[in-house]
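Take a look at the structure below.
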Amino acid sequence: MLIQRATLLDGTVTDIRLGAQIEELGQGLVAGKGEGVLYAGGGTVLPGLHDHHVHVRSAASALNSFFVGPPGVSTKAQLTQLLSNATPGPDGWIRAVGYHESVAGELDRAALDAVVPDVPVRIQHRSGALWILNSEALARVGLTEHPDGRLRSADRGWSQALQQRETDLAELSRRITATGVTGVTDATPDLGAEDMVSLIVAHRRGEFRPRLHFLSPGKKILQDDHLDLDSLTDWIAEHHRADRPVALHCVTAAQLVVAIAALRAAGSHPLDRIEHAAVVPDDNLADLADLSELGGLTVVTQPNFVAERGDQYLADVPPAEHSQLWRVASLLKAEVRVALSTDMPFGHGDPWTAMRAAVYRTTPRGVVLGADECVSAREALTMFLGRSDQPDRVRADRAAGHGAGRAGCRHGRRHGHRR
Ligand SMILES: [Zn+2]
């Protein structure tokens with residue numbers, strides 16, 4: 001296709017011809033026969049963004065879904081109240097997840113019809129293997145005659161209708177791509193091979209359109225009460241021996257300190273990552289920079305939490321530690337490799353929210369948290385343009401080369417020397 005009058009990040013206005021990649025740039029390109037044309041009218045054209053830390057399945061099931069299990073919903077009265085007041089999602093369905101029999105027994109279509117007769121309702125059991133549909137929902141998926149509306153995932157009769165057309169993954173995909181994200185890294189620690197395969201299949205079918213990247217099996221969430229330097233060191237060394245990088249989830253200072261010590265002791269793999277790094281004491285900036293420089297550690301962080309939970313931090317975290325929260329600028333300044341992400345659905349999944357937070361660092365009430373950690377808009381954007389496997393390296397496709405990538409960050413040059 002041909003994009004006419006697009007503005008690149010350096011201000012150049014140009015036409016862009018696209019095939020599998022960018023084929024031609026220049027003013028006054030003429031559309032070929034049958035070539036699609038998009039008139040950009042001077043709008044900015046960016047490479048697709050990559051969100052370097054998300055949880056796809058959790059995000060899909062959280063979407064437009066009410067949670068109808070304990071502790072939030074634990075009685076039949078609470079369930080009835082929630083369902084009868086529920087607003088359907090954009091597709092007209094009421095979806096709910098997390099159901100358990102302790103709430104209102106073995107639900108069936110009749111029980112749901114009594115509460116919601118005219119809007120399609122589907123409730124997923126918390127096992128993930130059973131759905132209960134009301135009569136309206138059964139009609140929508142072509143199962144009007146179903147005896148009780150209790151559909152098991154193993155039952156092939158309905159799965160096409162429900163999973164392919166009504167799936168949450170397709171809606172999630174629409175929302176993600178609408179923000180300009182064309183690739184995501186699923187950082188879920190317990191993601192099994194089956195989960196990965198089902199996501200890859202959804203991607204191939206076109207149901208989930210962003211490119212998928214998975215972290216290697218070396219993923220671990222550190223917990224303050226289970227911090228054991230020796231066993232963590234052994235675990236890292238074992239993965240490295242198999243040429244697998246590790247991704248350590250660190251949200252406290254204690255976790256970060258142990259992670260740094262373990263990485264030092266075990267040695268580095270060029271693709272090692274620290275996820276979150278929610279708290280980085282001053283002393284650890286140089287440690288992270290050393291690991292980054294020597295081995296290739298990358299910090300994948302989420303400043304969007306400043307914009308989402310900042311007021312809570314201001315209330316709960318001692319003032320002396322406020323400057324250690326969700327750092328970005330001081331990491332860059334110390335020459336630590338950094339990339340941004342949203343942690344969707346635990347963080348808001350919009351990368352522009354994360355970029356704004358990285359630039360302004362304002363809490364919901366408008367207080368600036370960690371003013372020294374603000375970065376420029378260009379830096380914030382660039383940290384969403386990295387390669388899926390090397391998040392701090394701007395992708396070397398032509399789009400990046402001609403646009404944001406040129407600004408592409410001193411990290412790019414540094415890597416250039418090393419490799
Ligand atoms: Zn996460």
ask   = Quick one: is G48 at pLDDT below 95 and surrounded by 19 or more Cβ atoms within 10 Å (Cβ to Cβ)?
value = no
query = Given D272, D243, D283, which one is exposed (fewer than 15 other Cβ atoms within 10 Å of the Cβ), among the charged types (D, E, K, R) and within 26 Å of the chain's Cα centre (by Cα)?
reply = D243
message = Between T80, T14, which is surrounded by 14 or more Cβ atoms within 10 Å (Cβ to Cβ), within 30 Å of H125 (Cβ to Cβ), away from the ligand (no atom under 16 Å from the Cβ) and modelled with pLDDT of 90 or more?
response = T80
ask   = Here are some conditions: (1) more than 15 Å from the chain's Cα centre (by Cα); (2) within 16 Å of the ligand (Cβ to nearest atom). V197 meets all but one. Which one does it not meet?
value = (2)
request  = Assess whether A60 counts as being open to solvent by less than 20 Å² (accessible area, probe 1.4 Å), within 16 Å of the ligand (Cβ to nearest atom) and closer than 30 Å to E136 by Cβ.
outcome  = yes
ask   = Can you name the residue in segment 83-127 that is without any contact (Cβ under 8 Å) to a residue 60 or more places away in the chain and of a type in the set (K, R) and is also most open to solvent (accessible area, probe 1.4 Å) among such residues?
value = R126
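Residues checked against (1) among the basic types (K, R); (2) within 20 Å of A187 (Cα to Cα):
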| site | (1), (2) |
| --- | --- |
| S330 | no, no |
| F346 | no, yes |
| A358 | no, no |
| R365 | yes, no |
| S376 | no, no |
| L381 | no, no |
| Q390 | no, yes |
| R393 | yes, yes |
remark   = Residues of segment 289-334 being touching a strand residue (DSSP E or B) at 6+ places or on another chain (Cβ under 8 Å) and of a type in the set (A, V, I, L, M), in sequence order, are L297, V299, V300, V306, A307, V317, L325, V328, L331, L332
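Only one residue in S74, S58 is under 29 Å from D392 (Cα atoms) and polar (S, T, N, Q), so which one is that?
Just a single option satisfies the conditions, and that option is S58.
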note = Filtering segment 292-327 down to residues that are open to solvent by less than 10 Å² (accessible area, probe 1.4 Å) and either part of a helix (DSSP H, G or I) or not hydrophobic (A, V, I, L, M, F, W, C) (or both) yields S292, G296, T298, T301, Q302, P303, N304, F305, V306, G310
ask   = Under 7 Å by Cβ, and 6 or more places apart or on different chains, what pairs join a residue from segment 312-326 that is within 16 Å of D283 (Cβ to Cβ) with one that is open to solvent by 40 Å² or more (accessible area, probe 1.4 Å) and at pLDDT 95 or above?
value = S323/D372
inquiry  = Can you go through D190, D225, D234 and tell me which one is over 30 Å from P90 (Cα atoms), surrounded by fewer than 18 Cβ atoms within 10 Å (Cβ to Cβ), out of contact with any Ser or Thr (no Cβ under 8 Å at 6 or more places or on another chain) and at pLDDT 95 or above?
reply    = D234
task = Just give me the residues in segment 167-180 being within 17 Å of the chain's Cα centre (by Cα), away from the ligand (no atom under 16 Å from the Cβ) and touching a residue at least 12 places away in the same chain (Cβ under 8 Å), in sequence order.
result = D168, L169, A170, E171, S173, R175, T177, T179, G180
remark   = Of the conditions (1) open to solvent by 10 Å² or more (accessible area, probe 1.4 Å); (2) more than 16 Å from the ligand (Cβ to nearest atom), the single one that A380 does not satisfy is (1)
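Give me a count of the residues in segment 128-146 that are in contact with a Pro (Cβ under 9 Å, 6 or more places away or on another chain) and either open to solvent by less than 20 Å² (accessible area, probe 1.4 Å) or of a type in the set (K, R) (or both).
Looking only at that region, the number is 6.
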Residue that is out of contact with any Pro (no Cβ under 6 Å at 6 or more places or on another chain) and either farther than 30 Å from A339 by Cβ or within 16 Å of the ligand (Cβ to nearest atom) (or both), where the choices are G48, G69, G43 = G69
ask   = Does segment 17-34 hold any residues that are open to solvent by less than 40 Å² (accessible area, probe 1.4 Å) and under 17 Å from R395 (Cβ atoms), and which are they?
value = I22
task = Among residues belonging to segment 246-269 that are touching a Ser or Thr at 6+ places or on another chain (Cβ under 7 Å) and open to solvent by 20 Å² or more (accessible area, probe 1.4 Å), point out the one that is nearest to the ligand (Cβ to nearest atom).
result = A266
task = Would you check which residues across segment 328-354 are in a helix (DSSP H, G or I) and crowded, with 24+ Cβ neighbours inside 10 Å and list them?
result = P351, A354
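The values are calculated or read from the model by the stated rules, or taken from the named source; none is laboratory data. Given the structure is predicted, the values throughout are model-derived calculations rather than measurements. When we count neighbours, we look across all protein chains shown, and the Cβ atoms used for this are built from the backbone with ideal geometry, even at glycine. Only protein heavy atoms, including side chains, enter the accessible area calculation; ligands, DNA and RNA are left aside. Shrake-Rupley method; radii C 1.70, N 1.55, O 1.52, S 1.80 Å.
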